[in-house]
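One structure is given here, and the rest of the page talks about it.
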Amino acid sequence: MRNSIKASLEFDFRGERFSPCVTVDLDTLMIRQDHLDRLYDMLATSIGLDVYRYEYDVMILEEITFSEPTGIACEFTCDGKFDFDGFLVKLTRQHIIESIQPIAEKHMNISDISKHPDIQEALIECFQKGQKTRS
């Protein structure tokens, strides 16, 4: 399932009202881990602004409002706020589980690793240790 969210804000500049809004693919955005800066750039682009305009300087002073989440983003959206850190933890865990599931199936005949939480946690820990030694 794709994870997305609508990001929007409103601001006024020289008597003109601006209301940029974008739907963000969180799976792609979170890989970059520069999500907040990138969101402001995406919002600016949606209304034809670049970082060298005064309007951009005013826009980045406003707080982004989040709505219409899909996928696991629904669990991390509340009252216009989005918990990026919590979402990233859950998304990372989901990706790890997707990686270890075929291993559990091949070597242990386990078709659903979530039904074996102890084994799942052991394999997740092994995966994470392997990632740390690669870095």
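Closer than 15 Å to Ser4 by Cα and among the hydroxyl-bearing types (Ser, Thr, Tyr): which single residue out of Thr70, Thr45 fits that description?
Step by step, each of Thr70, Thr45 is checked, and only Thr70 is closer than 15 Å to Ser4 by Cα and among the hydroxyl-bearing types (Ser, Thr, Tyr).
Looking at this structure, is Ile100 outside the structural domain of Val24 (by TED's automatic domain parsing), surrounded by 12 or more Cβ atoms within 10 Å (Cβ to Cβ) and farther than 17 Å from Asp25 by Cβ?
Criteria met by Ile100.
Report every pair of residues separated by at least 6 positions or lying on different chains whose Cβ atoms are under 6 Å apart, first residue within segment 72-86 and touching a residue at least 40 places away in the same chain (Cβ under 8 Å), second assigned to a loop (DSSP other than H, G, I, E, B).
Once the first residue is touching a residue at least 40 places away in the same chain (Cβ under 8 Å) and sits in segment 72-86, its partners that are assigned to a loop (DSSP other than H, G, I, E, B) give Ile72/Asn3; Ala73/Asn3.
Here are the criteria: (1) at pLDDT 95 or above; (2) among the β-branched types (Val, Ile, Thr); (3) in contact with a His (Cβ under 7 Å, 6 or more places away or on another chain). Tell me which single one Ile110 does not satisfy.
Result: Ile110 passes all but (1).
Leu26: closer than 18 Å to Ile5 by Cβ, touching a Phe, Trp or Tyr at 6+ places or on another chain (Cβ under 9 Å) and modelled with pLDDT under 90, yes or no?
No: the conditions fail for Leu26.
Scan segment 46-60 and tell me whether some residue there is surrounded by 15 or more Cβ atoms within 10 Å (Cβ to Cβ) and under 18 Å from the mean Cα position of the chain (by Cα).
no
Exactly one condition in (1) more than 24 Å from the chain's Cα centre (by Cα); (2) polar (S, T, N, Q); (3) under 28 Å from Ser19 (Cβ atoms) is false for Thr65; which is it?
(1)
Is there a residue being more than 27 Å from His95 (Cα to Cα), more than 14 Å from the chain's Cα centre (by Cα), not hydroxyl-bearing (Ser, Thr, Tyr) and not in a strand (DSSP E or B) anywhere in segment 20-32?
yes
Can you find a residue that is of a type outside the set (Lys, Arg) and either over 19 Å from Ala7 (Cβ atoms) or touching a Pro at 6+ places or on another chain (Cβ under 7 Å) (or both) anywhere in segment 75-82?
yes
The values are calculated or read from the model by the stated rules, or taken from the named source; none is laboratory data. For clarity, every value in this text was computed on a predicted model and none was experimentally measured. Here Cβ is always computed from backbone atoms with ideal geometry, including for glycine, and neighbour counts include all displayed protein chains.
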